[in-house]
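Q: Take a look at the following structure, please.
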Amino acid sequence: MSRYFGSKCRMCRRESTKLFLKGEKCFSDKCAIEKRNYAPGMHGQRRRKVSDYGLHLREKQKIKRSYGLLESQFRNYFMKAERMKGVTGENLLILLERRLDNVVYRLGFSASRSEARQVVTHKQIVVNDQVVNIPSFLVRPGDKIEVRGKAKGHLRIKGAIETSRKSQTVPWMEVDAAALSGRFVSYPDRSDLPAEYNENLIVELYSK
């Protein structure tokens with residue numbers, strides 16, 4: 001499967017917001033947004049009038065890039081959210097939050113979602129006592145997620161845990177930092193999810 005290998009900071013600058021793609025760097029003065037909060041490229045500092053379509057597109061790109069998905073993957077999640085009961089936009093965000101790589105990131109076992117994806121694919125994560133190496137695996141309430149055996153001694157994972165202790169954990173998960181394990185307690189409420197996401201714009205975009 002194809003994957004974006006370009007600059008992650010460039011994506012943050014294009015969306016004019018921190019997407020937290022580089023771990024601890026995003027919280028430091030080295031963050032690209034702190035230095036150059038304008039779009040990349042030679043015309044990045046020009047003021048442009050954004051159309052309604054452009055507004056919808058930028059919101060989709062922001063969320064898609066935050067979770068590290070390709071266009072086809074993101075569209076498939078939207079189609080699945082449409083078939084579910086409830087509000088489509090909220091269903092979409094909940095599906096994205098249920099991805100195993102995102103759960104590993106939220107639990108603090110990695111510094112970023114891209115790093116979490118690598119941890120999962122390298123078979124370093126166990127779900128309900130079974131090794132799972134599929135980043136798109138959807139976690140359900142009650143599932144136990146933990147770092148596997150020898151991987152608990154990896155310096156990168158230990159460093160991520162130390163960093164995550166400085167930030168607040170999400171309310172729909174329980175974390176045992178000492179044991180490097182956690183539990184997905186329940187599906188998140190919309191009030192618990194990032195307020196800067198406007199999922200309604202994505203629904204409107206795909207409805208056109």
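What follows is calculated from the coordinates using simple rules that are stated; it is not laboratory data. The shown structure was predicted, so the numbers you read here are calculated from the model rather than taken from an experiment. All Cβ positions, glycine included, derive from the backbone under ideal geometry; neighbour counts span all protein chains shown.
Q: Sorting F137, F78 on the 10 Å Cβ count, fewest up front, what's the list?
A: With the fewest neighbours first, F137, F78 line up as F137, F78.
Q: Continuing with this model, one more query. Say a paramagnetic label sat at a point 7 Å from the Cα of L205, along Cα to Cβ; which residues of the range 61-87 have their backbone N under 14 Å from it?
A: 61-79
Q: If you don't mind, another one. Peptides 106-118, 57-69: what's the order by average Cβ count within 10 Å, highest mean first?
A: 106-118, 57-69
Q: With labels modelled as points extended 7 Å from the Cα through the Cβ direction, what inter-label distance (nm, one decimal) is found for R75 paired with L57?
A: It is 1.5 nm.
Q: A follow-up question, please. What list of ³J(HN,Hα) couplings, whole Hz, do you get for the range 104-116 from phi and the Karplus terms 6.51, -1.76, 1.60, once you set θ to phi - 60° and write x for glycine and proline?
A: 4, 5, 5, 6, x, 7, 8, 7, 8, 5, 5, 5, 4
Q: Follow-up question, since we're still on this one. Once phi is turned into ³J(HN,Hα) by the Karplus curve 6.51 cos²θ - 1.76 cosθ + 1.60 with θ = phi - 60°, what whole-Hz value does each residue of the range 182-189 show in order, with x for glycine and proline?
A: Each residue's phi maps through the Karplus curve to give x, 9, 7, 6, 7, 5, x, 7 Hz.
Q: Quick query: amide H of M173 versus all other amide H atoms, modeled in the peptide plane; which residues come in under 5 Å with a sequence gap of 5 or more or a different chain?
A: V185
Q: Next up: Using 1/(1 + (r/R0)^6) with R0 = 41 angstrom and r between the beta carbons of Q118 and K49, what's the FRET efficiency to the nearest 0.05?
A: About 0.55, to the nearest 0.05.
Q: Here's another thing I want to ask about it. Within a 10 angstrom radius of the beta carbon, how do H154, H56, H122 rank from fewest other beta carbons to most?
A: Fewest to most other Cβ atoms nearby, the residues stand as H122, H154, H56.
Q: Oh, and also: Residue-wise, which Karplus ³J(HN,Hα) couplings in Hz belong to the range 173-178, taking 6.51 cos²θ - 1.76 cosθ + 1.60, θ = phi - 60°, and x for glycine or proline?
A: Going residue by residue, I get 9, 10, 10, 10, 5, 5 Hz, with x marking Gly and Pro.
Q: Stretched out fully, how many nm does the piece from Q130 to D189 gain, at 0.36 nm a residue minus the Cα gap?
A: 18.5 nm
Q: Within 10 Å of each residue's Cβ, count the other Cβ atoms and sort T169, T88 from fewest upward.
A: The order, fewest Cβ neighbours first, is T169, T88.
Q: Apply the a/c threshold of 1.5 to the C-alpha gyration tensor of the range 99-184 and tell me whether it is rounded, prolate or oblate.
A: Rounded, because the longest to shortest axis ratio a/c is under 1.5.
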